[in-house]
Every structure is written in C-alpha cells, then in structure tokens.
Amino acid sequence: MRTTLLVNPASGHRKAVGIGAEAAELLIEAGHQVQTIIGSDAQDAETQLAAAIDHGLDNIIVVGGDGGTHGILDQIAHTDITLGLIPAGTGNDTARALNLPMKDVKAAVGVIARGRTKQIDLARAGDSYVMTVVASGFDSKVSERANAMRWPRGNIRYNIALVAELRVFKPLPFAIELDGEILETGAMLVAVGNGPSFGGGMRICEGAELDDGLLDIVIIKPISKVELIKVFPKVYKGTHVSHPAVVQCRARRVKLSSPGIVAYGDGERLGPLPLDIEADPGALRVFVP
C-alpha cells in the first residue's frame, strides 16, 4: 500500500509532528510504504501532495484536525484514493463524525491497518468541499472577529471574541433556498451539516449522517441574548433541537443569503454569502472502525 502521511505541524498545539512520526512507524510495521509530507504552510503541503498524487498513491493519512482534512478534499474527492485520519487537531469534528479513536495514535493507525472503508458524502459549498458543517450567522461573526485579533493567541481569543460579539449582535435577515423553495426569516445562525458537529464537539446539526445523501439544516430563530446563552451549551449534547426557536429540515441543495455575512466550513473561511451548497453523495472513500 502506497501511503502518504500529511502532517500539519501546527495541529494539536504543535504536537502533530511527533504524532506523525509515531504513526509512520506503526504504518510501516503494518506493511505500508510511507511517504511523509510536512508542509511549511498549507499551500506548500497541498503542492507537495499534488506531486505525490501525480506519482501514484493509494491512501492519504492526515495527521491533524478539521482544517488539515478540509484543505485536501478538493484533491481527493471522486478519486480512488482512500482518506485516513490520525486526530491531532483542536476541534476533531471530522474524527468524531467517523467514530475514530481520539488521543490514541496506535488505535487510530489500527483502523487504517485493518483496511475497512466506506463511501461517504461531502457538501459542495461554492468552489470548496466541506466534510462537517457550513456555518453562518452569530458563530461566523465570532470567527471573523477572532481572526481579526492579533492578541491573545489560542482558544482564549475566540472566547473574548464571543463575548464581544454577543454585546452587539442582532438577529440577521436570511433568505434560505431549500431544493428550490425559498424561506425568508430572521435568524441568530444557520448551519448546514453534512456531519453533525463543529467547533470541537458542538452537535449543531444533531442527527446528520455522512452517508444519507442529504444536508441537515438548522436555523436558530431570533431569541434574546439571555436565551441564546442558555441554549448554546445544549449544543454539545444536541439537546438544543427541542427548543422552540430551533428549526430543522433536510435538503439536497441549499442557498444561503444574508447581507454582509461570511460562511465558514470545517472551521475554515469560505467567503461571503450568498453561497450555494449541495450534497455530493459517495464523493469520498474513508477508513472507518
């Protein structure tokens, strides 16, 4: 098996390089021919990966998190290459959706070594593929604010941005087209899920499955800031869906529009709305337990 190990050196508080070295040894022991790519940045990693694909390979194993996986989906969707994942990020929602072992390199490599695979869907969002969730609204405004901050670093920056955004946030006007039917509504946020969670285990699209050929749409309609603070923690268990302000629906094609709002997919910036999102059934083969 010709296997390329793609390591994001910034993942997992810069522990990914060590995790990648351990994974490489275990894969070699399991009979894989391993080439390791450690990019100096995302563009360098993608360039090296493109060259590896041109030379021929069977598997790509990402050592990292959702961003590292997101960055290569366009290169491997609808190919014969199988994607594996050694979770080493801060969010790891892709790993959660695939039921992969967390914080256990040997167990994660074991999933790959056993060779069980399945075809899963991706979401095509504009020009990019997304594995987990496309998010827009309050959460994306928090991300925009956090990304604009130079200090502090780490997760605390996001927490500060969240509090700052909450002080000024107002419900947003959305036009949401679902398989040709248009819904116009105010909303705190709109999430479109290929998978169920984003943001490190927040199950915003509770019930979404990676292989059902559908997108799960969750709309949180206008509520007070106090109520939003009450509802948001429930997202980690998926119990927010019982709140009367939460609307769930499913569709194959979605178009989101809201003035001045940016969408994020797999935690990465996709760009401003409007955005067309479409389910792409069976677009990717992955290693699974």
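The values are calculated or read from the model by the stated rules, or taken from the named source; none is laboratory data. What you see is a predicted model, and the numbers here were worked out from it, not measured in a lab. Every residue, glycine among them, receives a Cβ derived from its backbone with ideal geometry; neighbour counts consider all protein chains shown.
A compact table of results
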| item | result |
| --- | --- |
| First in the stretch 241-259 and under 24 Å from G126 (Cβ atoms), second anywhere and outside any loop (DSSP other than H, G, I, E, B) and hydroxyl-bearing (S, T, Y), Cβ under 8 Å, 6 or more apart | L256/S136; S258/S136 |
| Criterion (under 30 Å from R116 (Cα atoms), small (G, A, S) and over 18 Å from the mean Cα position of the chain (by Cα)) met by exactly one of A279, A251 | A251 |
| Out of D93, D66, sole residue that is of a type in the set (D, E, K, R), in contact with a Gly (Cβ under 6 Å, 6 or more places away or on another chain), touching a residue at least 40 places away in the same chain (Cβ under 8 Å) and surrounded by 17 or more Cβ atoms within 10 Å (Cβ to Cβ) | D66 |
| Residues within the stretch 65-84 that are within 19 Å of the chain's Cα centre (by Cα) and more than 16 Å from F198 (Cβ to Cβ), tallied | 10 |
| Any chance P196 is in contact with a strand residue (DSSP E or B) (Cβ under 7 Å, 6 or more places away or on another chain) and closer than 22 Å to P244 by Cα | no |
| Index of the failed condition, I61 passing every other in (1) over 30 Å from P173 (Cα atoms); (2) modelled with pLDDT under 95 | (2) |
| Top-ranked residue of the stretch 186-227 - restricted to ones that are assigned to a helix (DSSP H, G or I) and either of a type in the set (D, E, K, R) or surrounded by 18 or more Cβ atoms within 10 Å (Cβ to Cβ) (or both), ranked as modelled with the highest pLDDT | E227 |
| Filter result (part of a loop (DSSP other than H, G, I, E, B) and either among the polar types (S, T, N, Q) or closer than 17 Å to V105 by Cα (or both)) within the stretch 53-74 | G65 |
| Residue check for A42: within 24 Å of Y158 (Cβ to Cβ) and more than 15 Å from the chain's Cα centre (by Cα) | yes |
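Conditions (1) in the same structural domain as D80 (by TED's automatic domain parsing); (2) more than 27 Å from P259 (Cβ to Cβ), marked per residue:
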position	(1), (2)
G110	yes, yes
V134	no, no
S143	no, no
I156	no, yes
A161	no, no
R167	no, no
P171	no, no
I176	no, no
